[in-house]
Amino acid sequence: MSSVLKTRPNSTTSPLSHNLKNNSNYVKSRNRFIFFKQPRRTCLLYSKLDFYSRTTVTHNVTQNQNAKICNFCQMGNLTNAMELLTTSQRHELGGSTYCSVLQLCAEKKSLEDGKRVHSVIISNGVVIDEALGAKLVFMYVNCGDLVNGRRIFYGILNDKVFLWNLMMSEYAKIGDYRESLSLFKKMQKMGVLGDSYTFTCVLKCFAALGKVKECKRVHGYILKLGFGSNTAVVNSTIAAYFKFGEVESARNLFDELVDRDVVSWNSMINGCVVNGSSRNGIEIFIQMLVMGVNWDLTTLVSVLVACANIGNLSLGRALHGFGVKACLGEEVVFSNTLLDMYSKCGNLNGATEVFVKMGETTIVSWTSIIAAYVREGLYDDAIGLFDEMQSKGVRPDIYTVASIVHACACSNALDKGREVHGYVIKNGMGSNLPVANALVNMYAKCGNVEEARLVFSQILAKDIVSWNTIIGGYSQNSLPSEALELFSDMQKQLKPDDITMACVLPACAGLAALDKGREIHGYILRRGYFSDLHVACALVDMYAKCGLLGLARLLFDMIPQKDLISWTAMIAGYGMHGFGNEAISTFKKMRIAGIEPDESSFAAILNACSHSGLLHEGWRFFNFMRNESGIEPKLEHYACMVDLLSRAGNLSKAYKFIESMPIEPDATIWGTLLSGCRIHHDVKLAEKVAEHLFELEPDNTRYYVDLANVYAEAEKWEEVKKLQEKIGKRRFKQNSGCSWIEVGGKFNIFVAGNTKHPQAKRIDALLRKLSLQMENGDYSTKLRYALINEDDMEKGVIQCGHSEKLAMAFGILNLPPGRTVRVTKNRRVCGDCHEMGKFLSRTTNREILLRDSNRFHCFKDGLCSCRGFW
């Protein structure tokens, strides 16, 4: 122990201390503690460990940051993902993180956030490689910014076909099909091979542009590349062929397709429906069900449209049940199509029920239900729905406006129509062609042809519907000359169609323009339009009103499937020619054929009875209409019965009949009775009836003239003088009477007392000569008919100055011997002219056909076909 103690002071000389002295790797401290320096190798080892430690921490932080952002993206939390992204350091973010955030921006269509991410990428100096570039393109395109999307796309042009497909598809979606196809061409130049999605898009674009040849070329290219059996590509090809109306080609592709999916079946069903083969579409649907193929919403919608087109309500109801069971009742497109189907199938209750149960209604829903009410003739209700729709904040579109304008036209609601027209102008819809055409039709049907013509003149690009509407409007408003002028103008720009023929033929009928009518008939035969029932009926009516009743009957017999309109036209034709019994026979044949008469048919048969003096038959039809057909008589039916009674001399009965009418009689009915009073010389009743007329139409000259003639025939000259003075003082507006005759394709129009006609002297000389012969013959006692006439208010005007006489004389002077003289007058023929017609026919050995405002008078051998019933 002591030895040890002794050695401590010299501890510095021990081997250990020696080693310490000689080693520079130590440090001696003041408190005698020694700190060793690390050897060089040992220091390097520890510094590497420290570096790895620090790198691991940084890596973990970065990894955690990226993971957090990606996690937010997976949860759809764009706000937090953006916040973390924008606050992170450059070295902390990876390329996949940017892609994840861009994907979420695209999904949420947040263009603003997407642009912020793009800005961060640029500011961080991140290289935009193919993957990141593709994601940026996708974000911009999906958010609707095609400009920026395309700019980046061109910056990273590569062979990734999905990017080309993306750009092409987006341009196609916005309707820029040409740009989409332009990209396809560039893609081919760069040697990028297309896939099934590429060709699906290309086919849709060519189909939309109507490029049938290009579609067929692409089809051939597809077959060469081996996509001929690809279901998606074949489906698009089928849809393209249907677009061009090539149903057979589409069907062949479908039949050859082995792996059909629901889209294949839907393409076939919809293609058939769109191309007018709704029945075939339904057959394919049934085949689809038999084969156990699952249908979807698109299937049901297409088949419902087919049901609507052909009126198959039973199948439509079954599909309604299918849809409800498949929980499609909340789908707006399904409900809208259902509503339309019920409407077009005539089931207004079904349509209304669907509309009421709809949770969400759109402008399409409102338009469909309004159209349903219009189809059922409930025009006022349709207008009420239109107002209700607007009160609920739903803005009408062009289809709603067109539908409601049609309702206004049918209900004669001119004021409402003008209000809707104001809405059209205010909302810039006036340039829409269907809306403009509907407005033209509305004004024309409401009798305002001036405004109809104004709207028509403002249509920049008129189509065939525009012309047909305005021509038909003038025809319907008894302006046949203007209608024929418009028809002539139309032919300089467009070729007429079958509807044009149906619109212009009534104008020929109204003017009795036989030559023009024959010319149009030739055009109809050349174009094969006679198979159209409306055209055939218009031809029958035209020939009947032009006096060729035999030809009208011949054409009528050639109509294979006669409808109510064609039967009514023939009945009316017989009636206006005075063939009452033939009209009755035709009426009976119509009922045997299973066609029940309507208001117009009864008006035609009652007119026929009136013009032929068939009193008992007339009463029978009138009672049949009320009691068996359940049709309430209107003013025109009552007027026929008053005429029947008046002509038969039952004036007091006619007066009582008028008093018992459930509706207020108009001037036409009282005027008919006044004419009867003149025929049967009943002065007292005539005065009584005239009081009603003067109250209803105080400014109508005709009734004063009729009463004056009643007084004149009773030789009450003082009363005649008083009426003449009254007429002179009040300066009544007269509707000038005129007559016209067609010679050499030109109309020659005559008015009473006209001396300015080029042949006035020749005409006057002939009529004076004939008048003298009449005075010296059997006709002298019948000249009392010319006492007072609307065209010449005084007896001093020569009797040969009436317009129909002038026209008949002109025809005799200018037509070849033996040719029928055809004259038309816009009023009822006066008695003197009626006698002149009979005399002319006997003297000149000619047939003279005179059509007045009531009927035809066929003068032949000194007799008239009317037998006094006119």
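With the requirement that a residue be surrounded by 13 or more Cβ atoms within 10 Å (Cβ to Cβ) and assigned to a strand (DSSP E or B), what does segment 738-780 give you? C738, S739, W740, I741, E742, V743, F747, N748, I749, F750, V751 - these are the residues of segment 738-780 that are surrounded by 13 or more Cβ atoms within 10 Å (Cβ to Cβ) and assigned to a strand (DSSP E or B). Looking at segment 523-549 only, could you name the residues that are small (G, A, S) and either at pLDDT 95 or above or surrounded by 15 or more Cβ atoms within 10 Å (Cβ to Cβ) (or both)? Answer for segment 523-549, where residues must be small (G, A, S) and either at pLDDT 95 or above or surrounded by 15 or more Cβ atoms within 10 Å (Cβ to Cβ) (or both): A536, A538, A544, G547. Go through the residues of segment 598-613 one by one and say whether even a single one is part of a loop (DSSP other than H, G, I, E, B) and surrounded by fewer than 17 Cβ atoms within 10 Å (Cβ to Cβ). Yes, segment 598-613 contains a residue that is part of a loop (DSSP other than H, G, I, E, B) and surrounded by fewer than 17 Cβ atoms within 10 Å (Cβ to Cβ). Any idea which residue in segment 425-461 is surrounded by the most Cβ atoms within 10 Å (Cβ to Cβ), counting only those that are among the polar types (S, T, N, Q) and either closer than 12 Å to Y474 by Cα or within 18 Å of the chain's Cα centre (by Cα) (or both)? Ranking the candidates gives N441 first. A708 - would you say it is without any contact (Cβ under 8 Å) to a residue 60 or more places away in the chain and either assigned to a helix (DSSP H, G or I) or surrounded by 19 or more Cβ atoms within 10 Å (Cβ to Cβ) (or both)? Judged against the criteria, A708 is not a match. For segment 495-508, the set of residues classified as surrounded by 23 or more Cβ atoms within 10 Å (Cβ to Cβ) and in contact with a Pro (Cβ under 8 Å, 6 or more places away or on another chain) consists of V504, A507, C508, listed by residue number.
Scanning segment 283-322 for residues that are within 15 Å of M341 (Cβ to Cβ), within 25 Å of the chain's Cα centre (by Cα) and in a helix (DSSP H, G or I) yields a total of 13. Is there a residue being over 19 Å from T337 (Cα atoms) and among the basic types (K, R) anywhere in segment 372-384? Within segment 372-384, none of the residues are over 19 Å from T337 (Cα atoms) and among the basic types (K, R). Hey, could you check segment 205-249 for residues that are closer than 11 Å to G271 by Cβ and not small (G, A, S) and say which is surrounded by the most Cβ atoms within 10 Å (Cβ to Cβ)? Restricting to residues being closer than 11 Å to G271 by Cβ and not small (G, A, S), the top hit is Y241. Restricting the first member to segment 138-150 and to residues that are under 17 Å from V161 (Cβ atoms), and the second to residues that are among the aromatic types (F, W, Y), the beta-carbon pairs closer than 7 Å and six or more apart or on different chains are G149/Y140. Among the residues examined, L555 does not qualify as aliphatic (A, V, I, L, M), within 23 Å of V821 (Cβ to Cβ) and assigned to a helix (DSSP H, G or I). Taking the criterion of being in contact with a Leu (Cβ under 8 Å, 6 or more places away or on another chain) and buried (at least 22 other Cβ atoms within 10 Å of the Cβ), the residues of segment 363-398 that qualify are W366, S368, I369, I370, A372, Y373. Screening R827 on (1) assigned to a helix (DSSP H, G or I); (2) of a type outside the set (S, T, Y); (3) modelled with pLDDT under 90; (4) under 25 Å from P480 (Cβ atoms) shows it passes everything except condition (1). Restricting to segment 498-515, name every residue that is touching a Gly at 6+ places or on another chain (Cβ under 8 Å) and charged (D, E, K, R). Correct list: D515 only. When segment 116-132 is filtered for residues that are surrounded by fewer than 16 Cβ atoms within 10 Å (Cβ to Cβ) and not hydroxyl-bearing (S, T, Y), the ones remaining, listed by number, are I122, N124, G125, V126, V127, D129, E130, A131.
Considering only segment 346-364, state which residues are over 17 Å from the mean Cα position of the chain (by Cα) and part of a helix (DSSP H, G or I). Outline the logic, then answer.
In the first step, residues of segment 346-364 are kept if they are over 17 Å from the mean Cα position of the chain (by Cα); the result is 346-362.
Once the filter is applied, which keeps residues that are over 17 Å from the mean Cα position of the chain (by Cα) and part of a helix (DSSP H, G or I), segment 346-364 yields L348, N349, G350, A351, T352, E353, V354, F355, V356, K357.
Per-residue answers, yes or no, for (1) within 30 Å of S391 (Cα to Cα); (2) buried (at least 16 other Cβ atoms within 10 Å of the Cβ):
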site: V303; (1), (2): no, yes
site: A318; (1), (2): no, no
site: C327; (1), (2): no, no
site: T337; (1), (2): yes, yes
site: C345; (1), (2): yes, yes
site: N349; (1), (2): yes, no
site: F355; (1), (2): yes, yes
site: T361; (1), (2): yes, yes
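The values are calculated or read from the model by the stated rules, or taken from the named source; none is laboratory data. This structure is a prediction, so every number in the text was calculated from the model and none was measured. We place every Cβ from the backbone using ideal geometry, glycine too, and count neighbours over all the protein chains shown.
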